[in-house]
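Notes follow once the structure below has been shown.
The values are calculated or read from the model by the stated rules, or taken from the named source; none is laboratory data. Given the structure is predicted, the values throughout are model-derived calculations rather than measurements. Reconstructed Cβ throughout: ideal geometry from the backbone, glycine too, with neighbour counts over all protein chains shown. To get the accessible areas, we keep the full protein, side chains included, count just its heavy atoms, and leave off ligands, DNA and RNA. Shrake-Rupley method; radii C 1.70, N 1.55, O 1.52, S 1.80 Å.
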Amino acid sequence: MHPELGARLAGMGEHGVVNLRSQAAKGRLCWTFDLPATKGITATSIHKGAKGVVVVRLGKSYAKKGCTSASTMTLEHLESSPGAYWVFVDTKGHPGELRGKLFAGMAHM
């Protein structure tokens, strides 16, 4: 199990990273985004696969840092198989255009 997860995000000619800390026993997932441009971001979420369904919404609207609740089972799946999940950053004109696959460990710019 890997409670520290990261993703390198790319798309729309932009690059960024997100780092996540899962606390499965508490049902809590925290994040920190490092994105060069944040104007126009409407939402962020974790999806099952590159085109799959949303499994965790990272807040009601975009926030650089924050925490949310998630089921213990969902967090355990993220920790045990991070490569099966993607982080999407949605903008008004391009939902999910900035995205990246999760991996165990922390992401750096």
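Do you know which residues across region 69-88 are part of a strand (DSSP E or B) and surrounded by fewer than 16 Cβ atoms within 10 Å (Cβ to Cβ)?
Matches in region 69-88: Ser69 only.
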Exercise. Collect the residues in region 23-50 that are small (Gly, Ala, Ser), open to solvent by 10 Å² or more (accessible area, probe 1.4 Å) and in a strand (DSSP E or B), keeping them in residue-number order.
Key: Ala43
Self-check item: Among residues of region 51-66, those that are crowded, with 18+ Cβ neighbours inside 10 Å and closer than 11 Å to Val89 by Cα, counted
Solution: 2
Quiz item: Within region 89-109, which residues are open to solvent by less than 60 Å² (accessible area, probe 1.4 Å) and of a type in the set (Asp, Glu)?
Solution: Asp90
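Can you pull out every residue in region 66-109 that is basic (Lys, Arg) and modelled with pLDDT under 95?
First pass over region 66-109, keeping only residues basic (Lys, Arg): 92, 99, 101.
Selection gives Lys92, Arg99.
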Quiz item: So, in region 95-109, of the ones that are assigned to a strand (DSSP E or B) and not aromatic (Phe, Trp, Tyr), which residue ends up farthest from Gly16 (Cα to Cα)?
Solution: Ala104
Practice problem: Name the one entry in Ala10, Ala50, Ala63 that is at pLDDT below 95 and farther than 16 Å from Gly100 by Cα. | Solution: Ala63
Quiz item: Is there any pair with a first residue in region 23-39 that is at positive phi and touching a residue at least 40 places away in the same chain (Cβ under 8 Å) and a second that is open to solvent by 50 Å² or more (accessible area, probe 1.4 Å) and not β-branched (Val, Ile, Thr) whose Cβ atoms are under 6 Å apart and which are 6 or more apart or on different chains, and what are they?
Solution: Gly27/Ser69
Quiz item: Cβ-Cβ below 6 Å, separation at least six or inter-chain, first residue in region 93-106 and over 17 Å from Pro36 (Cα atoms), second assigned to a loop (DSSP other than H, G, I, E, B): which pairs?
Solution: Ala104/His2
